[in-house]
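*Asks:* One structure, as structure tokens, below. Some questions next.
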Amino acid sequence: MLSTRCKAERVEVPPAVGCKGVLLKRLSAPCVRGVFYMGHIWVEALIGNPITGRSVRVRSLVDTGATYTVIPRRVFEELELPVIGRKSVKTARGVVELSECFGVVEIEGRRAGSQILVSDEVDVVLIGVLTLEALGLEVDPTTGRLKETEILLL
């Protein structure tokens, strides 16, 4: 049974991030009898250059369907992150080759080094699962928030 209080805010996302272009951003109430239906989670993240110490605070979309964290080119240029290589990745538009760099990501007071890809196609920072795992965080689908998890060395 759907709640009459269920309201979703829509957000446009470029097709390059692997979706159909529209995602649910946040729901104001449970939609199915006590189950929180969650779209994507937005967090505040600090992305930094470990060499220069320069950093920028950005509103970021947690994307559990993305392996790597991806930043827009403007953030890459602002931080002056050094390119360490190129990586071929599969997106909704097909296989593309993106610049790969290394940076520091901080979310909810947790900090870790992370591989970061640079894209001309996205205009928001996407936090991928490798970064979440390095931070010891995971998505809690019952609350629509990040929660602490074990970091496994297997």
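The values are calculated or read from the model by the stated rules, or taken from the named source; none is laboratory data. Remember, predicted model here, so these are calculated numbers, not experimental data. In this analysis, Cβ positions are derived from the backbone assuming ideal geometry, glycine residues included, and neighbour counts consider all displayed protein chains.
*Asks:* Counting just the residues of segment 117-153 that are touching a residue at least 60 places away in the same chain (Cβ under 8 Å) and part of a strand (DSSP E or B), which one comes out nearest to ARG86 (Cα to Cα)?
*Replies:* SER119
*Asks:* Next up: Of all the strands (runs of 3 or more DSSP E) wholly in segment 50-116, which have at least 3 residues that are crowded, with 16+ Cβ neighbours inside 10 Å?
*Replies:* Fully inside segment 50-116 and qualifying: 55-62, 69-72, 94-107.
Every residue, every condition in (1) modelled with pLDDT of 95 or more; (2) farther than 17 Å from LEU146 by Cβ; (3) not aromatic (Phe, Trp, Tyr), yes or no:
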{"residue": "ILE47", "(1), (2), (3)": "yes, no, yes"}
{"residue": "PRO50", "(1), (2), (3)": "yes, yes, yes"}
{"residue": "ARG59", "(1), (2), (3)": "yes, no, yes"}
{"residue": "VAL70", "(1), (2), (3)": "yes, yes, yes"}
{"residue": "LYS87", "(1), (2), (3)": "yes, yes, yes"}
{"residue": "GLU100", "(1), (2), (3)": "yes, yes, yes"}
{"residue": "ARG111", "(1), (2), (3)": "yes, no, yes"}
{"residue": "ASP123", "(1), (2), (3)": "no, yes, yes"}
{"residue": "ILE127", "(1), (2), (3)": "yes, no, yes"}
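*Asks:* Looking at segment 91-114, which of its residues are more than 10 Å from LEU46 (Cβ to Cβ) and either of a type in the set (Phe, Trp, Tyr) or touching a residue at least 60 places away in the same chain (Cβ under 8 Å) (or both)?
*Replies:* Of everything in segment 91-114, those that are more than 10 Å from LEU46 (Cβ to Cβ) and either of a type in the set (Phe, Trp, Tyr) or touching a residue at least 60 places away in the same chain (Cβ under 8 Å) (or both) turn out to be THR91, ALA92, ARG93, VAL96, PHE102, GLU108, GLY113.
*Asks:* Separate question: How many residues does segment 127-146 hold that are out of contact with any Phe, Trp or Tyr (no Cβ under 8 Å at 6 or more places or on another chain) and either of a type in the set (A, V, I, L, M) or surrounded by fewer than 13 Cβ atoms within 10 Å (Cβ to Cβ) (or both)?
*Replies:* Of the residues in that region, 8 qualify.
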